[in-house]
Structures are given as C-alpha cells and as structure tokens.
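Okay, so here's the structure we're looking at.
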Amino acid sequence: MAFVASKGPSRRLHGVRRVWAGLSAGDRIVVLLFALIVSVAIAGPWLAPHPTMTADPAQRLLPPSLEHWLGTDDNGIDVFSRLLAAPRTDVTIALVATLLSVLVGAPLGVLAGLFESHPRRVLSLTGEGMLRLLDVLQAFPVFILAMVLVAIRGPGTENVILAVAFVNFPVFLRLVRSELLSLRQRPFAEAARAIGRSDLAAAFVHLLPNALPTVVVQLSVTVGFAVLLTAGLSFVGAGIRPPTPELGAMIAGGAKFMALGQWWVSLFPGLALGAIVFVCGLFGEVIGRALEPGASSAPRRRRAPPLAAAAAATNAPAADPQALLAVDRLSLIGDDPEAPLLETMSLSLRPGERLGIVGVAGAGKSLLLRTVLALPPPGTTVRGRVRFEGRDLETLPAAELRRLRGATLAAILPNAKAQLNPLVRIGDFMAAQIRAHVRCSEAEARRRAAKMLVAVGLTDPERRLDAYPHELSGGMAQRVCIAIALLHRPRLLVADEPTAGLDVTVQRQVLDLMLKLSKEQNVAQIVATRDLGIVAHYCDTVAVLEGGRLVEMGPVAAVLTAPSSAVTHRLIAASRGETA
Amino acid sequence: MTFAPLVQVAHLSKRFRLDRHHYVGAVNDISFTIGKGETLGLVGESGSGKTTVGRCLLRLIEPSAGSITFAGADLTGASAAELRALRPRLQLVFQDPLASLNPRRTIGQTVAEPLRLHTRQSAAACRAAAAEMLREVGLDASRFDRYPIELTASEQQRVGIARALVTRPDLVVLDEPTSTLDPIMRAEILDVLERMQAALGVSYLFISHDLTAVERLSHRIAVMYLGRLVEIGSTRALMRQQDHPYTRALLSAVLDADPTKPIPPHVVEGEIPSAVNPRDECPFVGRCPIHIPVCRDAMPGMADMGGAHFAACVRAPELVRGAL
Ligand SMILES: Nc1ncnc2c1ncn2[C@@H]1O[C@H](COP(=O)(O)OP(=O)(O)OP(=O)(O)O)[C@@H](O)[C@H]1O
Ligand code: SF4
Ligand SMILES: [Mg+2]
C-alpha cells in the first residue's frame, strides 16, 4: 500500500522565539509597548527620580522643566515620578479583578452553554434563569454599578477589586457560553461524546481549551477596561485615595488646575491611562493570533520533482485578450521561499468557460482558488498577477474588492457548515448577504433567498430559512452555500468541491444548474474537485496540480484519455477503483 | 457469506420536533440487521437520514421509537451508566477528519484518550497501545506528538480510525469517511478499513455517497430515501439488479471518469420532498418516472424479492421482470 508521509520538517508552537519570529512588525511594537507597561507596573516606583508621596509646598505646580520633566502637582510632587509609580496600583487591581472575573465567569459560561436546551427541564430552566439574571445585571451602567458596590462595601483596594471583577464576569460568562455553543457543533465535540466522555467532561476537557484564544483576547481587552474603571472609581473618589499614586486620582487632583492653565497635572496621567487601555486591547489581538493552533506552523509542502511537462504548462500563453480571468505567473510564498506553496502558474479563462482543477490533497488546489479570490492565507506573499475583467485584483482597493467578491466574483467553498454562522438562522444569514450588495427591504431579501433555495433543489424554502445550520444535513448546508454564491448572478464562480457530500442524483442537479449558468449566462467557472467524473463531463479544460505546480493542462478529453504526467495517471487509476 | 447477528434494528424512527405542529421525520420505521464482522453500506439522498441512523445506533441521539439490540442487549433502554460501559464497543469515524480531532491535542493523546477513559491501564500502557494502533493503521511513531493540523488529510483520517478502533469495538459507524479525500487517499483509507476488519473482525455501518467505495467495502447495501429504507440486499445482487426505481436512478447517475463515455441520462428530475411532517406515501413518488396513483395511498412495505433482497416499491415485481 502506498503511504504518503509528509516529509517537511514540522515546527511546533513551542518557544517564545518561534512565536516572535511569526509576528509582523506592527505586532512586535504592540508586544514591546505591552512589555513596557508591565515593566513600569512592576518597577515603576523604584525608577522614580523624585519621591512620589512626599509633599513639598515650595515646588507647587511647576511647569515641565529639565528638573521636573512633566512638571509638579499641587503638592509639589514630581508628576513624572508619580506617573511611573501609579500604574502599579491600577494594573494590579485590574489584573487581579480580571482574573477573578474570568475564573468565575468562564466555568459559569460552560454551564450556561451546557444547560441551554438541555433535555432535563430543571437544567434548561437554570441556564435560562442565569442568562435572564445577567440581562438585569448588565442593564445597569457598569460604572454606576461599580460605584454602588464600592459605596455599599466601603472604599479599600479589595472592594475596588471585587467591584471591578463583579461588573466584568458577565462578559466572560457570555463569551464562553457562545463559544461553547458554537464549538459544540464541531465534530470533535461529538467525537468526545462518542468515546464516552460525559457532556460536562467534554466541555471542560475538549471545548474550553479551544475557546482559549477568544478568552485571552477578551482578557486583555478587559484588563484595559478594568484599568479605566479603577481609575474612574478613584477619579470620583470611590476608589484609591491620595496620596497613593494612582492615575484616576491624579487626573482628579489636577482637573481643577486645567482651567487655570496648569494643564500638565492631569494631562499626562490622562494620556498614560489612554495608552494603557489602547495597548491592552491591541495586545489581546496579537496574542489571539499567536494562540491559534498551527499559527506558527503553516502547512508545508513537499517540493514536486521537476517535470518536463511542468515547464511546458507554466509557460502556457497568458495574454488572451478575451480572458475574463488571467492568472499570470502566480506564485504564493509561505514560510520557506525555497519551497513556494504555488509556483509560477499561468492560466486564463474566458466567459462561460469551465475549468476543472484536480490533484492529490495538498497539491494546492484550494490555495490557488483562494489566491484567485485575492484571499491568500495570512502570512503568505503573492507574486505575479491575477486580472479579473482586466483589473488587477492585487491592487484593487479593499472596498472595491469586497463589492466584487460575493457579487461578480462568487465563491463556493468546501465545508459548508463551517461557513454558516451556527447562531444565525439561514434566512437572516442570506438576507444579510443580499443586503450587503443590493438595497432592498428585509422582506424582499427573504423572498429572493427563498427563490434561490428552490433553484438549488431545496424544498420547503420557508422552513429552511428559519432553520439553524445544525438542523440541516450536510448536503443541504452545501446547497445553501451554493445558493448564496449564486445570489448576485456572478460572472465567475470559483467553487471548491461544490458537490462534496451530495448524493449523486442531487450532485447531477447541482452540476446541471452550474452548466446552465455557464451556457445561458456565460458564467465562467473554476471547479476544484477530487471527482474526475465531474471534470470528465462538466468541464471544458482541466488543470492538474502537484506540489504547488501546474503539471498538466488542456482540454478535458485530451488530458483524461492521454495523460502525460504520472499524477494524472495515478488519479485516473485510483478513480477506477484500482489500488494506487 | 452469512454472519451471526450483532445489531438488530427494528422499527427505528427519529423525529426532530420543530414546533407544536411540525416535525422532521428524519428516520421513519426502519428495520435492518448487521452481522458480526459484516459491513453494511448505507447510501441515499442527502438528508435522507443516514447520519441520523448512525447516531441512533450509537445512541448519540435518542431514537423516538423502535428498538436497537446490540450483542443481545437492548440498547434503546440502556441507562447512562450502561451506555458508558458500552461506548468502547460502539465507535464512530467522521466525515471531516480534521474537524473531528481536537486541534489542541496531539495525535497520541487523542488516540490514547478512549483507553484512559475505559481501562484501568497506566498512562504509559495506554500510550503504548495507542502507538501500536497508530502503527497498524499505517502511521509511524514520529507522528505521535504531532498536532492534527500538521498531518495530511489521509493521515488525519487514519488517526480518526485509530481512535475508533483502539478499544477493539464490535461496531464502527463510518459516516462518509472518505468523502473529503482525493481518489488516491480514498483508496488508502479503504485499504486500511478492509485490513482492520480482517484483523479485528469488527462490523461496519459504512455511510457514503461514493458508490464505488460502497461497492468495494460492503457485504450488503441498504438504500435510504427521505427517512425510509427503500431497498436492501447483498452487494452483488444489488449491483446486478436494482429493484427500486430510486436505486436504479442512483446507480445510473454515477459519472465515469472517462470523458469518452456518454454522460449517463439523468433519469430523476424534480425536487426532493420535504422531510417535514412526511406523508404516508412512497417518498419517491414526486420524482419517480414510473409512479402510478396507488403509490400515493401508503408507504409501500418491504417486499421480499428473493435471495434476502428487499425493496419497498409497489411496482418492484414488474421492474424485476423487466416489464418496465
Ligand atoms: N438537530 C436537528 N434538528 C432538526 N432537524 C434535523 C436535525 N438533525 C438532522 N435533521 C434533519 O433530519 C434529516 C436527516 O438528516 P441526516 O443528517 O441524517 O441526513 P443524511 O442522510 O446524513 O444527509 P447527508 O448525506 O447530507 O449527510 C434532514 O432533513 C435534516 O434536516
Ligand atoms: S412505489 Fe411507486 S412512486 Fe414509489 S418507487 Fe415504486 S413506482 Fe415509484
Ligand atoms: Mg450525513
């Protein structure tokens, strides 16, 4: 038995250096700024050049100078020194409070997610009740709520922490709950149940860790927000009191001098506060990206053996004046410039032409389609050009590209269920898609959506529009996605495995629909498929990929009856049921 | 070949309630058996209830009616604790190999997990057994500490198979295990499945749209349409002669990879009826090229066509005689 092993050296997430290497320049700046904040929070008080709590009436309200870089406040204390010392208070309170709120909120969120729509009435009611209670709680303005809490319990660091934690835990509860609801639809969640995990264990062992990136992003945003809240409480006198250096209290202390022209007393603490909140928010996103599994180990490809046919195919004529789509020496470079993910591919497509793309898995079919759609995976570089209706997709402004995509340039991607939002009904999802491109009423959008569902062979469109994605079978979800792609009468349809998971009779209906679109409306199509039968009977030309290269391209009849490359031979043999 | 019965499904139904007056008849009154070491292929329209049948067999969803007997014990009435004890004997392989693996766990952890849950073996022993199983499905030890995203789709599916087989189950439901793989990988996975069945004597319920693969792996084939079983028989008999018009349409719609062969005529047109509040009639009647008024009167019963081959069509005898 042939066994294809990926031989590429596989690198893993381990090691700070690996993560650092994967960051963009902007991300690195954010990380450095965040590190600066943390350092100041830790070491600030020791670095302060002047005393931070001792008043010196002789030095009152001095403007910035060489001696006092940021001036002095009304107690004659150096503002710069206090500014260095203050973050320790705010950041510590914010950190502890945020940790507390996530430790309480996340497990409750898991339970809320599990209890929701649980067959046991008691549990579903508990879940329901929990959310209602949160609604009530969150109806109060956060700041007022926190003030009330501090007022009840009296000032003091612990009480500020408790108040800040209390107003923030609902954020984590809701976040984890909604993450859980969507993770629960993923097959690995069912796999956990299938091997005999209880729902509860599966939720904590398998689902919660996968909600981590989102939680961490939120964690960082919340820390920023908690700093703001702490400062706010202190500003109104409900938090930390002077003389402890604290940003909110500093701003409050200096506010009355603003009008008198002594702006430095509260301006600098204000700026510092803003910067901390801002950097925390950005840092969350950087961490979130770095935490995605495989974020730093982009799929690596084996380099295909050099083939004579490859050279011929890649030099295929690219300048067809009638071309709707012209791909000219397109390369996609990933981590390793030595082994590009796609290598100098040229092809062109006329209106109404149907091009099939075949190849073993990992040959680059989906990458090619994504690059054609100007959606290359993050962290890759595109060389060469993709022209659509004479316009270069690379250089098109983002807004223009968005308008193009989903309208004239439509995509059908595999794994339909993953594209539909598990929490949004099909009808709402489709209506939103329609209204993103056409101005029309909600009812009109719905009518159009229903019509399209019928066109792809779904019955009872009204009921389908009301369904959530998990209520559809795989094949139905796929057809919903096809319907979405066809909503705006595209000129080019880029389809990745459009009929995977459909039974052959329905598959034929979908293919016939696509054929009709090409014949009657001149819609060009690029179809990546592993089913040579589809290529044989529904495509005009076929391109065979291997290891990121175009190894063979030509009219379907020629390529499939007299293949020139070894892969094509193997694919044909395997399709006939002969063991590879 | 005859097999001692392992699973007996009788009058199984599953309804998903939509609101007070509407429900989806995902599976309606289905009966069949699976023998020890046998593969039953399950094919049919998208949305016809194949996945639901598979999930009901494993009690991952609760059947609405009917009974399932597994190795002599009533599975439908099993308590949660009894069910947990049965889990290692009833397993599942998924359609989308990558999605079925927890992205944050290594291959080794994933395959060892069922053993950790169901046996008292030490962590090291579980690891060793998992490594052994991975080797048997054709993955070498260097893959053990990898994450799913680092493997090829074929390797990922081997991991899914290893996870299902590591507890030496009696029955594995394979829900379209090859539908996301390219032809070469598909052939590899079918090899693995065949080899493991020969080695372990496990039974498969093999759900697929890929008729070539079903033909290759299955001893018998069952055909579903809109929640109903419409035909069941041995692979050989069914491939030679289809006694239900839907099965006929299904087999004739297959596209050959040879472009010189004419495109097979598309015999069925029309829409797939809705599974909401299904009527008591032949589910295929709206698309059937040979329907007659009586087809609307009631769901035709399963008629014995001889040779353990059954079909649910009022005109099956005529169809068999070649009168149509
Ligand atoms: N949780 C659910 N709620 C409501 N309806 C459901 C639910 N799950 C499945 N269904 C419906 O039950 C029917 C059978 O679905 P099922 O997934 O079993 O079909 P399938 O034969 O496996 O289809 P495919 O080949 O597309 O995978 C479909 O009409 C589907 O919409
Ligand atoms: S019962 Fe009637 S409608 Fe149904 S398959 Fe037979 S002939 Fe066709
Ligand atoms: Mg299914």
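The values are calculated or read from the model by the stated rules, or taken from the named source; none is laboratory data. The structure presented is a predicted model; accordingly, all values stated were derived computationally and were not measured. Positions of Cβ are generated from backbone atoms using ideal geometry, with glycine treated the same way; all protein chains shown enter the neighbour counts. Quick note on the areas: whole protein, heavy atoms, side chains included, nothing else; ligands and nucleic acids left out. Shrake-Rupley method; radii C 1.70, N 1.55, O 1.52, S 1.80 Å.
Here are the numbers for this structure:
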{"read-out": "Probe 1.4 Å, protein heavy atoms only - accessible area per residue of the stretch A:338-408 in square angstrom", "value": "41"}
{"read-out": "The stretch B:1-114: relative contact order as a whole-number percent, Cα under 8 Å and 6+ apart", "value": "25"}
{"read-out": "Per-selection Kirkwood Rh - the stretch B:77-121 (Cα, Å, 1 d.p.)", "value": "12.2"}
{"read-out": "Among B:Leu134, A:Pro563, A:Ala410 - extreme Cα towards positive end, dipole of the protein assembly as shown, charges at beta-carbon", "value": "B:Leu134"}
{"read-out": "Separation between Cα centres of the stretch A:102-127 and the stretch A:500-557, rounded to whole Å", "value": "46"}
{"read-out": "Peptide A:507-515 - average C-beta neighbours from other chains (10 Å radius)", "value": "3"}
{"read-out": "Accessible area in square angstrom per residue, chain B, 1.4 angstrom probe", "value": "38"}
{"read-out": "For the protein assembly as shown: rounded, prolate or oblate by the Cα gyration tensor [a/c cutoff 1.5]", "value": "prolate"}
{"read-out": "Surface share of carbon and sulfur [accessible, 1.4 angstrom probe, percent] for the stretch A:527-579", "value": "53"}
{"read-out": "Packing-based order for A:183-192, B:92-101, A:249-258, using average beta carbon neighbours within 10 Å, highest first", "value": "B:92-101, A:183-192, A:249-258"}
{"read-out": "Positive minus negative residues near A:Gln138 (Lys, Arg vs Asp, Glu; Cβ under 12 Å)", "value": "+1"}
{"read-out": "Test item: A:182-194 mean partner chain Cβ contacts at 10 Å", "value": "6"}
{"read-out": "Length-normalised contact order of the stretch B:197-242 in % [C-alpha pairs under 8 Å, at least 6 apart]", "value": "24"}
{"read-out": "Average beta carbon contacts from partner chains per residue of A:355-361, 10 Å cutoff", "value": "3"}
{"read-out": "Pairwise burial B:A, computed as accessible area of each alone minus the pair, summed, 1.4 Å, Å²", "value": "6400"}
{"read-out": "Exposure ranking of A:Lys451, B:Lys36 by accessible area [1.4 Å probe, largest first]", "value": "A:Lys451, B:Lys36"}
{"read-out": "Above-threshold pairs, the threshold being 30 Å between Cα atoms, out of A:Lys365/A:Lys519; B:Lys14/B:Lys36; B:Lys36/B:Lys261; A:Lys365/B:Lys36; A:Lys365/A:Lys516", "value": "B:Lys36/B:Lys261; A:Lys365/B:Lys36"}
{"read-out": "Percent RCO, i.e. relative contact order, over chain B, from Cα pairs under 8 Å lying at least 6 residues apart", "value": "19"}
{"read-out": "Mean Cβ neighbour count within 10 Å, used as a protection proxy, ranking A:215-222, B:49-56, A:25-32, A:334-341 highest first", "value": "B:49-56, A:215-222, A:334-341, A:25-32"}
{"read-out": "Positive minus negative residues near A:Ser198 (Lys, Arg vs Asp, Glu; Cβ under 11 Å)", "value": "+3"}
{"read-out": "Percent accessible area from carbon and sulfur atoms, the stretch A:96-199, protein chains only, probe 1.4 Å", "value": "68"}
{"read-out": "Ordering of A:173-181, A:378-386, B:243-251 by burial proxy (mean other Cβ atoms within 10 Å per residue, highest first)", "value": "B:243-251, A:173-181, A:378-386"}
{"read-out": "The stretch A:480-580, accessible area per residue, ligands and nucleic acids excluded (1.4 Å, Å²)", "value": "30"}
{"read-out": "The stretch B:35-106-the stretch A:27-89 distance, computed between alpha-carbon centres (Å)", "value": "65"}
{"read-out": "Gain upon complete extension [A:Ala558, A:Leu123; 0.36 nm per residue less C-alpha separation]", "value": "150.3 nm"}
{"read-out": "Chain A: calculated mean residue ellipticity at 222 nm from DSSP helix runs of at least 4, using -39500 (n - 2.57)", "value": "-17500 deg cm²/dmol"}
{"read-out": "MRE, 222 nm, helices only [DSSP H, n ≥ 4, -39500 (n - 2.57), over chain B, to nearest 500]", "value": "-9000 deg cm²/dmol"}
